[in-house]
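Novice: Can you read through this structure? Questions will come right after.
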Amino acid sequence: MSVRLYVGNLPQTFDAKELDALFTAVGEGVRFKTVQDRETGACRGFGFANVDDEKLADTVIEQLNGHAFGGNTLRIERSERKDARGSAPVGGDRRPAGATAVARKATNKVVHSDTVTEGAPDPRWAGELAKLKALLANQTAAV
């Protein structure tokens, strides 16, 4: 049975062949897939590796967790499987009870069951947010 590993703290741009060579240096039978942004195609900073057996998975974690790659320090650990609905990792959720968070694109607002906090605008949407603010200012000035 294959073991799924989470590979985090990847640079936004990197040579996939270099990463494949890094995994191959540890052992054969490691297949890696990066998670990419749907709109830009850039790496979202993480991916998953499927490893053929338990011993190889342990070796990959031991040798590559904390390894420098592309100016970043890799974080490699066993991936938590999600339940059948895909909502929470099997074995429980790491968040405190009642703290289900919902991120909103434009304002980076996080809503919890008991609190609402607002952070800085998400930089991916900063341009769109600026356009909307300008449009609103023009409409208000016209009235």
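No value in this document is a laboratory result; all are computed from the given coordinates. Quick caveat: nothing in here was measured; it's all calculated off a predicted structure. Virtual Cβ from ideal backbone geometry, glycine too; neighbours counted across all protein chains shown.
Novice: Starting from the Cα of residue 128, step 7 Å along the direction of its Cβ; do the same at residue 75; then give the gap between the two resulting points in nm.
Specialist: Rounded to a tenth, the inter-label distance reads 2.6 nm.
Novice: Could you check the simple spin-label distance between residue 42 and residue 21, using points 7 Å along Cα→Cβ, in nm with one decimal?
Specialist: Here the modelled spin labels are 2.5 nm apart.
Novice: Could you tell me the relative contact order of region 1-68? Use alpha-carbon pairs under 8 Å, at least six residues apart, and round to a whole percent.
Specialist: Dividing the mean separation by the residue count of region 1-68 yields 43 percent.
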